[in-house]
Amino acid sequence: MGSNAINDFINKLTAGSRENVYLSVTPGVGLEMIQIEEASHTVKSYAVRPLAYNESLREISNMEEFKTAVSEMFEELKISPKCNVTINLPTVLFSSIEMSLMLGDEAITGAVTSEVEQSYVFKRHDPIVQWWDSNTGTGETRKLFYSAVQQLVVEQIANTLTELGSFLVGVEMSLLSTLRALDYTGLTADEMKQGVTWNILSVGSNGYSLVSMVGKNIVDYYEEPIAIKSYEGDEIYNVITSSAQITLMSYPANYLVILSDTNSVSAEVLAKNLNVDCTVEYIENNKFKRKEFLPVSLDVLPDNILKISLQAIGAAISKFSDYPIACNFLASTGEGVAQEETVTITIGEKEYVTTPTMAMVLSVIVSAVLLVPVLIVFLLLPKIQATKQAELDELNASIQQVEKEIKELKEAQQMAGKFSIKNEINKTLQDNRIKLMAYSAIGESVPAQLWLSYFMTEGNGNISIKGGASTVEDVYTFYKNLKEYLVSSDLKLQKLEMISDDVDEFMSNLPVTYDFEISNISAAPAPAVSEDGKGKNAKAKGNAKDAGKGKSTGKAVNLPPKTKLLSDEPIN
């Protein structure tokens, strides 16, 4: 949501949920409707309609015309008539009076009212008065400034606005609205500095007025009636100049600001005609204006930009201006919209004035907006927590498994290279078991006509057997019996050959001796053990008779079962 949308939302909640609209009855311009955006310092919306004003009676000529103009401008600016309206009226009466310091406020109001009733305007209508202290005085008296407006006029305006659905909440006077606008726009920034003396010569359709100022405070006021419209051409400048120069002699100052509110007089031309001993500046608040007083939004029609008056601006900023002098005629009557005690809400750098009721509504809305995300999180939290807990449990299990593996690895690393009685016993038992199985198999499998010359077992299950036999059948029987006993050993008959290679001996039908080798070792067979035990090859020779007795010429013996089988050394 953008800042403008937020501001519009808050503005609708403030001031009794009604929009603030400002009107100005400006002779020479008509009836103006205006809104100023405080944050951007720009004219947010503006409309104007012709409106006749009776300068002699100081009142709106036709209230029906006023009603129609207001209704049309509400429609043009797309503003609901159900709003609070503050209106600026031309200054009916403004003057000063000296009062005793001993008088209270009620006595001063009575005295001022009596003084106001002496004016011809208020001989027909009861006045509504406003007064304030000028902070100047001598001895036991003080100087007061006061202003007045017809009560009947205010009532007519209030009733007309009520018929449209609006509420009149403020009635301002042109003089103070103009001063407030000069301060807000910065047109008199140098003059309104503290302690600076300056005069403002304001020309209207009924003459001119001179306001003597020190900074932002009024110190004196003088009014000279002149029938401006009765003069033609440059004649009016001569009349005003001759009168004003005499008046200005009584009000010495550092600056003179000439302000023209009438299309009959140019402030620039008048400034050139006046011969005064001070800095002279001029402000056109009429058809001679060349530049707008404030920036305007794109919603303002281009033809209306230069029509925006200082009086309309001054009325539109009455709610937030810090100008030290204020004059709302409804403040003394107690009329207008019934409002609760206001509450100021600060959001960022902005302050919004609202009622306690609206502040409570706003707080409820804001609380609801803030609580919705919290409620959503609260509802989803158990599911999220269960999912995260499952993930955490799985992670912890993985961590425990890794820690177990690390521990086992560390223990294995610590045991590496160290002597272990348990491991050695297991290894010895395994080796002996293989050997005992092999010895048992040999003891049970050796035929009567077969003898062994070499036998060796290893811890890894390797077995090597060498020997001789009188017949091939004995060798095969011995091999088959070994295979049945040593199922897990992949024994193979590596060699089977006759010892004698003499053909004559073979043909003589003498007994033949066969040499054999059984092993599961793929490498070259172990060398046969010689008679001298030095590892030289020797062939076992013998005849049938020797074979029958278990002897051979190679001195190999036919070992009976379970005889001398506890050594891995070759058998002699």
Within the range 265-291, how many residues turn out to be within 22 Å of Ala312 (Cα to Cα) and touching a residue at least 24 places away in the same chain (Cβ under 8 Å)? 10
Assuming Leu301 fulfils every condition listed in (1) of a type outside the set (Val, Ile, Thr); (2) in the same structural domain as Gly233 (by TED's automatic domain parsing); (3) under 53 Å from the mean Cα position of the chain (by Cα) apart from one, which condition is it? (2)
Number of positions in the range 167-220 that are part of a strand (DSSP E or B), in the same structural domain as Ala267 (by TED's automatic domain parsing) and hydrophobic (A, V, I, L, M, F, W, C): 10
Unique match (being over 30 Å from Val475 (Cβ atoms), modelled with pLDDT of 70 or more and surrounded by 10 or more Cβ atoms within 10 Å (Cβ to Cβ)) among Leu436, Leu392, Leu362: Leu392
Considering only the range 280-329, how many residues are under 17 Å from Leu175 (Cα atoms), of a type in the set (A, V, I, L, M, F, W, C) and not in a loop (DSSP other than H, G, I, E, B)? 6
Can you confirm whether the range 304-316 contains a residue that is over 27 Å from Glu55 (Cβ atoms) and of a type outside the set (Phe, Trp, Tyr)? no
Would you confirm whether any residue within the range 167-180 is out of contact with any Ser or Thr (no Cβ under 9 Å at 6 or more places or on another chain) and not charged (D, E, K, R)? yes
Picking from Leu452, Leu482, Leu496, which residue would you name as being modelled with pLDDT of 75 or more, of a type in the set (A, V, I, L, M), within 17 Å of Ile521 (Cα to Cα) and outside any helix (DSSP H, G or I)? Leu496
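The values are calculated or read from the model by the stated rules, or taken from the named source; none is laboratory data. The model shown is predicted, which means the values in this text are computed figures rather than measured ones. Cβ atoms come from the backbone with ideal geometry, glycine included; neighbour counts cover every protein chain shown.
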